[in-house]
Amino acid sequence: MDLDFFRKYDIWAFIPQYFKDSGEMTKVITAEGEKHVMPMTIRTFRSNLCRFYSIDYYSFRKKYGQIIGSINCVPLAISSNKVFMQLKVRTPIFRNDSAMAYIDLYSIERLEKQKDKKGTDIILKNGRKLKILYSLATVKKHMNNASLVLEHYRKEKGMIEYPEMLEKLYSNLNKPATKGDIVILASEILSIKNSLNLNNDRNNLPVSGSSSQHYENRL
């Protein structure tokens with residue numbers, strides 16, 4: 001697979017889909033409104049996605065699974081503003097057949113109960129509807145887990161939330177800046193710079209006794 005695909009498109013969801021003549025493939029929905037059918041299983045597509053973002057999926061799942069209390073259906077964060085939830089969209093037909101889709105938390109516009117009240121419809125921001133085989137309460141639980149994983153991911157990467165003081169300052173850009181505004185801005189920039197330097201120093205510390213492990217648990 002050409003990994004440039006992940007640079008070109010903003011992926012909102014990738015979903016397992018079974019074709020009678022071809023077997024399992026992966027349907028990809030993008031923010032650009034396009035739908036792509038990739039000739040590979042969803043596990044292979046996920047593997048390529050993780051390779052592009054330099055993520056060891058099984059190490060990631062083990063670490064963040066401890067945060068949410070389960071190594072099953074661990075949300076996959078690939079950046080500071082994108083985390084994929086795993087949600088059931090189909091019933092497996094064969095052994096090792098995939099049932100879980102990966103849906104970007106921030107692509108969701110709203111949730112709707114299905115008429116039978118057993119499942120949930122996810123409405124994406126582009127109006128596309130995804131049928132989920134989980135109750136509304138279960139989907140919301142996965143959304144909360146995704147938010148929790150993303151929060152820890154951001155902290156681990158040393159990412160700092162946008163200072164409230166700066167937000168107020170920039171909301172008044174149509175007004176002339178005072179000396180006080182400039183002092184606040186300079187102070188916040190220095191604070192961010194020091195935090196980033198501290199994080200870099202921590203990352204450069206020697207690590208003793210580290211070893212790589214291969215986790216055999218798979219979806």
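Restricting Leu130, Leu136 to residues that are of a type outside the set (S, T, N, Q), in the same structural domain as Tyr57 (by TED's automatic domain parsing) and under 18 Å from the mean Cα position of the chain (by Cα) narrows the list to Leu130.
Of all the residues in region 114-125, those that are loosely packed, with under 14 Cβ neighbours inside 10 Å and either modelled with pLDDT of 95 or more or farther than 15 Å from Leu87 by Cα (or both) number 4. The residues of region 79-113 that are within 20 Å of Lys125 (Cα to Cα), touching a Cys at 6+ places or on another chain (Cβ under 9 Å) and aliphatic (A, V, I, L, M), listed by number, are Met85, Leu87.
Filtering region 18-46 to residues that are surrounded by fewer than 17 Cβ atoms within 10 Å (Cβ to Cβ) and either at positive phi or in contact with an Asp or Glu (Cβ under 8 Å, 6 or more places away or on another chain) (or both) leaves Tyr18, Gly23, Ala31, Glu32, Gly33. Of all residues in region 56-98 being of a type in the set (A, V, I, L, M) and under 24 Å from Glu34 (Cβ atoms), which is surrounded by the fewest Cβ atoms within 10 Å (Cβ to Cβ)? So the residue we want is Ile78.
Residues of region 130-139 that are more than 18 Å from Phe84 (Cβ to Cβ) and outside any helix (DSSP H, G or I): Ser135 alone.
For region 101-122, does any single residue satisfy the condition of being touching a residue at least 60 places away in the same chain (Cβ under 8 Å), in a helix (DSSP H, G or I) and of a type in the set (Gly, Ala, Ser)? Yes, because at least one residue in region 101-122 is touching a residue at least 60 places away in the same chain (Cβ under 8 Å), in a helix (DSSP H, G or I) and of a type in the set (Gly, Ala, Ser). Candidates in region 49-93 are the residues that are of a type in the set (Lys, Arg) and part of a helix (DSSP H, G or I); of these, the one that is nearest to Ile103 (Cα to Cα) is Arg61.
The values are calculated or read from the model by the stated rules, or taken from the named source; none is laboratory data. Only a predicted model underlies this, so the values are computations on that prediction, with no experimental measurement involved. Please note: Cβ atoms are built from the backbone with ideal geometry, for glycine as well, and neighbour counts cover all protein chains shown.
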